[in-house]
Each structure stands twice: as structure tokens, then as C-alpha cells.
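Colleague: If you scroll down you'll find the structure; I have some questions about it.
The values are calculated or read from the model by the stated rules, or taken from the named source; none is laboratory data. This one's a predicted model, so the numbers in the text were calculated from it and none came from an experiment. Positions of Cβ are backbone-derived with ideal geometry, glycine not excepted, and every protein chain shown enters the neighbour counts.
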């Protein structure tokens, strides 16, 4: 193999082994999944669908794709599944393309409130430019909670959530929405699928549930399933499902009642609408991860992911950090850093061996320089970490944030990039950060990547 790639691969493998991944969208796929991604299946081309290909030699590919679809339908309890989307963004785009016309109105949660770019983020995205996107947020609800001292002292996540469903209903009605798309990219609490369903049913629009972050938790039975309530369910396969970098689109029984041709419309939007041939190696790996997700061991894993997230959140709250929603009911935690920039916190934590991502919090205007960081426990749980490790990790996070608490991002945007570069240079030689990184490596050796 090429020496340059070999060296870079070895370096990345070392980085993954010696650091703690707390990015909630990252995980470690099983060795079986990884072998299938690198298998001879990547040599084949198979435009079309099972038994309707444009190429010869697809006898076994058809069987593999059929297996993946069957397992998806069985695991999530749906009558129709498409396992061909290359990733989550094309999957969501295919649903919009299949069910909506140009400039139809779609409603989704805005980016700073926990929505995704593909949920109608205005201006630069396909969903925000091709359709009339109207978004709702949780900024006002979050702002009201800041003065609620009783709530802030409870140490419990906000059970009723932060979404004003009456406001969502008014937005859908006022804009004659064709489709509602909802997901939990950075929303740590439970999404009330039933309330969204009632809104969609009342005004006759489609409800699309993007479960990319919580699909594995749903499969494990530790997060509510939207299948009874939504018309379409989309998901990636590499986050809490521990599969390859792929995606699926599932049409529910409710969706087929609303439109018996819904599955066909979405399939046509995937191919030939947006894609050519599927990645057959990925399809096989999806089939494998779905089989793994149906096991009792995976149910235990999903339960542990949520337990670890709650443990980590409790420790951070005890350290007087501010968490959006005052905790979590899923796998992810959103930390409101207030005066510390998310960029500063994420860079310092990486130097200390803890990998997170900077993230917008409700009300943030500039996603590149947000006021928060997003944490998640899927990858750490895959490594076998539990209560003791969560407490230790929380202690490190609190210490790192204490070290950088006086760092302030310049108000003038032109100066911010240079400030971050200067900060990284200074932080890279901070003795305590480097000592924490050494302690992290010791913990990682005790909990190796599987």
C-alpha cells in the first residue's frame, strides 16, 4: 500500500485508540461491518433495484440488498425500506424531492435549536433554497428557563421538553405547510412524535422523522419510536446503530395509508432522481449492523449509552456547568458555555485527549463560532466505559474548562481566526492539558477500541 496513506492510516488509528471520542455522531463499527465495507462487493455496479437492474451479474447483490431491506423492516416495524441512500443528507433530500414540489412549504427546527442543515436551513442548503422553508426554534422557551431557579436546581432534564408545540401548529397552519421534518441532531430531550403527528394530521401534511442520531436507541427500546406517528422515517446507519457510513429511508404503514405510492415515489427520487448505483459493500454492511442491532446484547448497549449520558450530565451539572434542557434523555449532552467560546473549549479538550465538537445553543447566530459544545456517549460506551469512567471524564472536562475560562473570543469577526490559532499554540504547551492527555491515554488502554 502507498506509504503516505499507510502512515496517515496508522496515525489516525493511533489517534482513535489514544483519545476519548465524545462526538455523539461518531461510533466504532464492528469488525464484521468494517470487513464488509472493504470487501469485493465494492467492485460491483448495480444501478436500479432488486430484480430490476441495468447491469448483469447482480444475482448475489440482489440477495444482499433484499436481506438489508428485510432486516430494516423487521427491526423498525415498517412495510417499506430503501437502503440505497449514500448518507443522511441525500436520504432527506430524496424524501423532499419525492413528496414535495418546487417551493412547497416545509417546516423544521432551526439549527441553533437542534435541527439539521437538511431540515430546511435557509439560504445555502438544498432544502432551504429549493423549498419555502419556515423554521421554528426553542430560543424563547430556553430564555425563560434561565430565570427559573427552581428548574435549574432540580438536577433533572426538562421532561416536557423545550418545544412549544402550539407555536409549531400555528406556523404549520399559517404557512400551509406540505411537510414537517423533525430530528434530534443537537436536541438532548425526547421528541414528542405524537404531538407532531397530531399537527401533521390536523393540517394534512407529511411528517418525516429523522432518527439518524437515535436509531440505535430506538432499536434498543430506550427512545420512543416514531413509526406509529410519522409517514416517513429516515436515518443514517453509523451513529448509535454502529454500522457503515450509509442511510435508509423507511415508509410506515401510516405513510402508505396516506399515499399507497409513497414508497415508489421516494424510491424514484433516490434512483434515478439523485443517485446512480448504490454502494453494494455498504448495503451488505448495513445488513450486518441491522442483524447486530436485533440482538439482546445490543439492547443492553443502547441502555448503557443513555445511562452513561445521564451520568456524565449529572457530573457536569454538579460541577455547575449549564446544560441545555438541564440534562439529557438520550445519548447527547449540549453544554451552554456562556462566556467561553465553543471553539476554545473544543480545541483545549482535544489537546487534552477528549474529542468533542463545538455546537450552537438556542439563540446563537453564528454556527462557526458558537457558544456551546456537544457531547455524546455512544463511542465511549462501545469501548466498555461506564459509571467510573463517566465521572473521571466529567472531572477532566470541568478542569479543562476552568483552565480556559478567561479566554475570550474577539468581538471583531476578522480577528477571530488568528485568535484561535494563537490560542491553540499556547494551549498545546500547557502542562496540565498535556498531563490530562497522558491520563486519558492510560484510561483508553484499559478500555480499548473493539
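Colleague: Could you tell me which of the residues 411, 347, 407 is closer than 29 Å to residue 138 by Cα and free of Cβ contacts under 8 Å to residues at least 12 places away in the same chain?
Modeller: Details: 347 fails: free of Cβ contacts under 8 Å to residues at least 12 places away in the same chain; 407 fails: free of Cβ contacts under 8 Å to residues at least 12 places away in the same chain.
The conditions single out 411.
Colleague: While we're looking at this one, here's another question. Looking at the stretch 163-208 only, could you name the residues that are buried (at least 21 other Cβ atoms within 10 Å of the Cβ) and within 17 Å of the chain's Cα centre (by Cα)?
Modeller: Matches in the stretch 163-208: 181, 182, 183, 184, 185, 186, 187, 188, 189, 191, 208.
Colleague: If you don't mind, there's one more thing I want to ask. Out of the stretch 335-376, which residues are in a loop (DSSP other than H, G, I, E, B) and under 26 Å from residue 442 (Cβ atoms)? Spell out how you get there, then give the answer.
Modeller: Going residue by residue through the stretch 335-376, those that are in a loop (DSSP other than H, G, I, E, B) are 337-341, 352-353, 356, 360-371.
Those that are in a loop (DSSP other than H, G, I, E, B) and under 26 Å from residue 442 (Cβ atoms): 352, 353, 356.
Colleague: Moving on. Of 189, 162, which residue is modelled with pLDDT under 95, more than 18 Å from residue 71 (Cα to Cα) and in a loop (DSSP other than H, G, I, E, B)?
Modeller: Values: 189 fails: modelled with pLDDT under 95.
162 is the lone residue from the list that is modelled with pLDDT under 95, more than 18 Å from residue 71 (Cα to Cα) and in a loop (DSSP other than H, G, I, E, B).
Colleague: Can you tell me which of (1) surrounded by fewer than 17 Cβ atoms within 10 Å (Cβ to Cβ); (2) in contact with a helix residue (DSSP H, G or I) (Cβ under 8 Å, 6 or more places away or on another chain); (3) under 24 Å from residue 257 (Cβ atoms) is the one residue 78 doesn't meet?
Modeller: Answer for residue 78: the failing condition is (1).
Colleague: Do you know which residues across the stretch 225-262 are assigned to a helix (DSSP H, G or I) and out of contact with any helix residue (DSSP H, G or I) (no Cβ under 7 Å at 6 or more places or on another chain)?
Modeller: First, pick out the residues of the stretch 225-262 that are assigned to a helix (DSSP H, G or I): 253-258, 262.
Within the stretch 225-262, 253, 254, 257, 258 qualify.
Colleague: Scan the stretch 268-288 residue by residue and report those that are touching a helix residue (DSSP H, G or I) at 6+ places or on another chain (Cβ under 8 Å), farther than 13 Å from residue 65 by Cα and part of a helix (DSSP H, G or I).
Modeller: Scanning the stretch 268-288 gives 268, 269, 270, 273, 274.
Colleague: Just one of the numbered conditions (1) out of contact with any strand residue (DSSP E or B) (no Cβ under 6 Å at 6 or more places or on another chain); (2) touching a residue at least 60 places away in the same chain (Cβ under 8 Å) is not true of residue 204; which one?
Modeller: (2)
Colleague: Of these, 84, 34, 66, which one is closer than 30 Å to residue 273 by Cα, outside any helix (DSSP H, G or I) and out of contact with any strand residue (DSSP E or B) (no Cβ under 7 Å at 6 or more places or on another chain)? Let's see the steps before the verdict.
Modeller: Values: 34 fails: outside any helix (DSSP H, G or I); 66 fails: outside any helix (DSSP H, G or I).
Exactly one residue qualifies, and that residue is 84.
Colleague: Got a sec? Which of 98, 120, 88 is crowded, with 20+ Cβ neighbours inside 10 Å and within 24 Å of residue 169 (Cβ to Cβ)? First the steps, then the outcome.
Modeller: On the way: 98 fails: within 24 Å of residue 169 (Cβ to Cβ); 88 fails: within 24 Å of residue 169 (Cβ to Cβ).
That would be 120, the only listed residue that is crowded, with 20+ Cβ neighbours inside 10 Å and within 24 Å of residue 169 (Cβ to Cβ).
Colleague: Still on this structure, please answer the following. Would you be able to say whether some residue in the stretch 83-91 is more than 30 Å from residue 296 (Cα to Cα) and touching a residue at least 40 places away in the same chain (Cβ under 8 Å)?
Modeller: Of the residues in the stretch 83-91, the ones more than 30 Å from residue 296 (Cα to Cα) are 89-90.
Cutting the leftovers down to touching a residue at least 40 places away in the same chain (Cβ under 8 Å) gives us 90.
Checking the stretch 83-91: at least one residue is more than 30 Å from residue 296 (Cα to Cα) and touching a residue at least 40 places away in the same chain (Cβ under 8 Å).
Colleague: Could you check residue 278 against (1) without any contact (Cβ under 8 Å) to a residue 60 or more places away in the chain; (2) surrounded by 24 or more Cβ atoms within 10 Å (Cβ to Cβ) and say which number it fails?
Modeller: All conditions pass for residue 278, except number (1).
Colleague: State all residues of the stretch 115-133 that are in contact with a strand residue (DSSP E or B) (Cβ under 6 Å, 6 or more places away or on another chain) and either over 14 Å from residue 96 (Cα atoms) or part of a loop (DSSP other than H, G, I, E, B) (or both); if no residue qualifies, say none.
Modeller: 115, 116, 120, 122, 131
Colleague: Counting only residues that are touching a helix residue (DSSP H, G or I) at 6+ places or on another chain (Cβ under 6 Å) and part of a helix (DSSP H, G or I), how many does the stretch 377-400 have?
Modeller: Here is the first cut: in the stretch 377-400, the residues touching a helix residue (DSSP H, G or I) at 6+ places or on another chain (Cβ under 6 Å) are 377-378, 381, 387, 390-391, 394, 396, 400.
Keeping just the survivors that are part of a helix (DSSP H, G or I) gives 378, 381, 387, 390-391, 394, 396, 400.
So the answer is 8.
Colleague: Next question, about the same structure. Going through the stretch 1-31 one residue at a time, which ones are in contact with a helix residue (DSSP H, G or I) (Cβ under 7 Å, 6 or more places away or on another chain) and outside any loop (DSSP other than H, G, I, E, B)?
Modeller: 17, 18, 20, 21
Colleague: Same structure again: Would you pick out the residues in the stretch 89-134 that are at positive phi and modelled with pLDDT of 95 or more?
Modeller: 103
Colleague: Would you confirm, using the coordinates I've provided, whether residue 108 is buried (at least 24 other Cβ atoms within 10 Å of the Cβ) and not in a helix (DSSP H, G or I)? If you could, list the steps in order and put the result at the bottom.
Modeller: Values: buried (at least 24 other Cβ atoms within 10 Å of the Cβ): yes; not in a helix (DSSP H, G or I): yes.
Taking the combined requirement at face value, the residue satisfies it.
Colleague: Find the residue count for the stretch 37-63, including only residues that are buried (at least 21 other Cβ atoms within 10 Å of the Cβ) and part of a loop (DSSP other than H, G, I, E, B).
Modeller: 2
Colleague: Read through the list (1) in contact with a helix residue (DSSP H, G or I) (Cβ under 6 Å, 6 or more places away or on another chain); (2) surrounded by fewer than 24 Cβ atoms within 10 Å (Cβ to Cβ); (3) closer than 26 Å to residue 144 by Cα, then give the number of the only condition that residue 331 fails.
Modeller: (2)
Colleague: Which residue out of 222, 214 is touching a residue at least 12 places away in the same chain (Cβ under 8 Å) and in contact with a helix residue (DSSP H, G or I) (Cβ under 9 Å, 6 or more places away or on another chain)?
Modeller: 222 is the lone residue from the list that is touching a residue at least 12 places away in the same chain (Cβ under 8 Å) and in contact with a helix residue (DSSP H, G or I) (Cβ under 9 Å, 6 or more places away or on another chain).
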